1. Could you look through segment 52-73, keep only residues that are more than 30 Å from Gly107 (Cα to Cα) and out of contact with any strand residue (DSSP E or B) (no Cβ under 8 Å at 6 or more places or on another chain), and pick out the one that is surrounded by the most Cβ atoms within 10 Å (Cβ to Cβ)?
2. Return the only residue of Asn34, Asn73 being in contact with a His (Cβ under 8 Å, 6 or more places away or on another chain) and at pLDDT 95 or above.
3. Out of (1) out of contact with any Pro (no Cβ under 6 Å at 6 or more places or on another chain); (2) in contact (Cβ under 8 Å) with a residue 60 or more places away in the chain; (3) under 22 Å from Met88 (Cβ atoms), what's the single condition that is false for Thr161?
4. Tally time: how many residues in segment 214-224 are touching a residue at least 40 places away in the same chain (Cβ under 8 Å) and within 17 Å of Tyr297 (Cα to Cα)?
5. Among the residues of segment 126-147, write down those that are without any contact (Cβ under 8 Å) to a residue 60 or more places away in the chain and surrounded by fewer than 18 Cβ atoms within 10 Å (Cβ to Cβ).
6. Considering each of Gly318, Gly272 in turn, give the residue that is of a type outside the set (Asp, Glu) and crowded, with 24+ Cβ neighbours inside 10 Å.
Amino acid sequence: MRQRTWTIISVAAVLAMLGATARAATIDLVPVGNAGNPSDMRYAATPGYGSVGYAYAIGKYEVTAGQYKDFLNAVGGIDTYALYNTEMSRTDCDLSGSGGVLLYGCGIARSGGGTVGNPYSYTVDSAFVNRPVNHVSFWDAARFANWLHNGQPSGLQGPGTTERGAYTLDGYNGADGHTITKNDAAQWWIPSEDEWYKAAYHKNDGATGNYWDYPTKTDLGSPPGRDMTELSNPGNNANVFGLPFPIDGTRCTTVKGEFELSDSAYHTFDQGGNVWEWNDTVMISSTRGWRGGAFDYSASDSAAFVRDYEAPTVEYYGIGFRVASVPEPCSLVMLAAIALGGLLYRRSKHA
């Protein structure tokens, strides 16, 4: 199926009160069809994921530091709900850190005072524009989705920008929030665990229950390698832990689509490795799910049977996200035509 790019067009406005200039962020999406596919039931410990009864679209890549910087400049002049974490400014892959803790950011720097007269403004290091954002909480990701849903407006963080739309947050930033779920009319959202799982592992071979073990279209006997040139093990590489470390000079993460041959069956990239990705499924108690592994985790952590979770307030160097959306009308027509063609073909075989 064809890949496509969606551009959300918004009016670039100079906000007299905040002194911020908005810039439209471009989100690349791929369609995910084969509606009604059964769940993956292969793993006794973690059965039953990946069944989705509708067509949707999902981010081809993780949300990047450049896209998140645009978001911050649009709504973060007065950062009411702490969308920015100061650790984001780091650009070195520091293995020593404080107390032996790995320290790493995504190159987003902040200046200004965060007031009406002296609002914050944000820049991103040129080497990190197309690398994934990190140090984002689930609520940060939900507010980004609300911003997309609302047409990428500029202004204070409130109902028309970050607090309503895909999710009704109304200022909530706590460690529970298990009742906050995607609104029915959402146009953009954080993928559910099933949506994320299907895009990563389903074989894209019809409404089947057929799945790969890794997002690089391989199974457990062939875990991803980590060759950025794709000359070794072509089509089965990811930014996972190994030596030498870090994988890209002094940078822990890789740019979007770096492993250009190693996409999923639906043509997403980096659903294995790079950074863990939030999904909006409520897990144990009020926690939210993560999937996909990260640059400091082994290849096996990107396998389909691995799921993790944390409090929605957690922000750290190894967590980012991607977004999902409704498919554009032409994609729905195309998916319906493919399904009808398959049905007619099956009938002709049995005529």
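1. Here the answer is Tyr54.
2. Asn34
3. All conditions pass for Thr161, except number (1).
4. Final tally of qualifying residues: 6.
5. At the first step, the residues of segment 126-147 found to be without any contact (Cβ under 8 Å) to a residue 60 or more places away in the chain are 126, 146.
The one that is without any contact (Cβ under 8 Å) to a residue 60 or more places away in the chain and surrounded by fewer than 18 Cβ atoms within 10 Å (Cβ to Cβ): Ser126.
6. The match here is Gly272.
Residue-wise test of (1) acidic (Asp, Glu); (2) over 23 Å from Ala145 (Cα atoms); (3) under 20 Å from the mean Cα position of the chain (by Cα); (4) at pLDDT 95 or above.
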| position | (1), (2), (3), (4) |
| --- | --- |
| Thr7 | no, no, yes, no |
| Ala13 | no, no, no, no |
| Ala24 | no, no, yes, no |
| Val30 | no, no, yes, yes |
| Gly99 | no, yes, no, no |
| Tyr104 | no, yes, yes, no |
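The values are calculated or read from the model by the stated rules, or taken from the named source; none is laboratory data. Since the model is a prediction, treat every value here as computed from it, not as a measurement. Cβ atoms come from the backbone with ideal geometry, glycine included; neighbour counts cover every protein chain shown.
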